[in-house]
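The structure appears right after this line, and notes come after that.
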Amino acid sequence: MGKPPRVFITYSHDNERHYDLVREFATFLRADVGLDVRLDQWADDGRRDWSLWAIEQLAEADFVLVIASPDYKRRAEGAEVPHLGRGAQFEAAMIRDNLTQDLPGATRRILPVVLPGRRVEEIPSFLNAYSTTRYEITEFTPAGVEELLVAITGVARFAMPEIGGGPGPAPN
């Protein structure tokens, strides 16, 4: 088996509960699912240039999970004052640029995620929450993240049957 997909999680530090929930989600994906998840909370082991760190994570990630929340949406859409949530503002600007550069490729790679207690309306508008797939996580279990894992692994839940490959349903 090859290397696990590398996943970068971008989010805003809305409040302590959201901050902890994002870490719990990231830990589940890394420890229980086996994805190579990157999260800023695990990289605060010394002085760091966070912009360079974010550039590296966005460039190296196979997938970018954008965690929906009111603060992230406001920051990603340029409606926040410049000195608040600078990291989320910077990462969202890079994500918007990725979408502009290669919309089909970035749409497959940048995945909007709605965690328990959050709403679809909190997804930034440039991620097209209503016309593209979004990933609403119901719980941190394999079943709760099944659709997200389908997008990351590229393995559909149901295989398409071969044309003429066997009997279909019996006629009535």
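The values are calculated or read from the model by the stated rules, or taken from the named source; none is laboratory data. As the structure is a prediction and not an experimental result, all values here were calculated from the model. Neighbour counts are summed over all protein chains in view; Cβ atoms, including those assigned to glycine, are modelled from backbone coordinates with ideal geometry. Heavy atoms of the whole protein, side chains included, go into the accessibility calculation; ligands, DNA and RNA do not. Shrake-Rupley method; radii C 1.70, N 1.55, O 1.52, S 1.80 Å.
Taking the Cα atoms only, what angle lies between the long axis of helix 50-60 and the longest principal axis of the chain, rounded to 10 degrees? Relative to the chain, helix 50-60 is tipped by roughly 20 degrees.
Taking Thr138, Thr153, Thr107 as the candidate residues, the one with maximal mean-square fluctuation in a Gaussian network model of the chain, Cα springs under 10 Å, is Thr153.
Checking the a/c ratio against 1.5 first, then a/b against b/c, what shape does the Cα gyration tensor give for the chain? Numbers along the way, then the final one.
Numbers: a/c = 1.92, a/b = 1.74, b/c = 1.10.
Cα axes put the chain in the prolate bin.
Largest GNM mean-square fluctuation across Leu52, Leu111, Leu149, computed for the chain with C-alpha springs under 10 Å, falls on Leu52. Within the shell of other residues whose beta carbon sits under 13 angstrom from the beta carbon of Arg17, the net charge comes to -3, with Lys and Arg scored +1 and Asp and Glu -1.
Charge tally around Ala61: other residues with Cβ under 14 Å, Lys/Arg +1 each, Asp/Glu -1 each, net 0.
Sort His83, His13 by heavy-atom solvent-accessible area, probe 1.4 angstrom, most to least.
Listed by decreasing accessible area, they come as His83, His13.
Ligands, DNA and RNA left out, the 1.4 Å accessible surface of the chain is 52% carbon and sulfur atoms.
When a/c is below 1.5 the answer is rounded, else prolate if a/b is larger than b/c, else oblate, so apply that to segment 126-166 with a ≥ b ≥ c taken from the square roots of the Cα gyration tensor eigenvalues. In terms of gyration-tensor shape, oblate. Calculated accessible area for the chain comes out at 60 Å² per residue, all protein chains present (probe 1.4 Å; ligands, DNA, RNA ignored). Segment 100-142 and segment 16-87 have Cα centres separated by 14 Å. Comparing Glu122, Glu162, Glu24 in a Gaussian network model of the chain, where Cα atoms under 10 Å apart are tied by springs, the biggest mean-square fluctuation is seen for Glu162.
Would you work out the charge dipole size for segment 16-87 about its Cα centre, treating the Cβ of every Lys and Arg as +1 and the Cβ of every Asp and Glu as -1, and quote it to the nearest 20 debye? Could the numbers behind the result be given before it?
Values: 10 positive and 15 negative charges, 50 e Å.
So the magnitude is around 240 debye.
Of the chymotrypsin sites (Phe, Trp or Tyr not before Pro) in segment 93-172, the ones in a loop by DSSP (not H, G, I, E or B) with at most 15 other beta carbons within 10 Å are Tyr130, Phe158. Dipole size of the chain about its Cα centre, with +1 on Lys/Arg Cβ and -1 on Asp/Glu Cβ: approximately 200 debye, rounded to the nearest 20.
Loop-located trypsin sites (Lys or Arg not before Pro) in segment 1-93 (DSSP state not H, G, I, E or B) with no more than 14 neighbouring Cβ atoms inside 10 Å: Arg47, Arg48.
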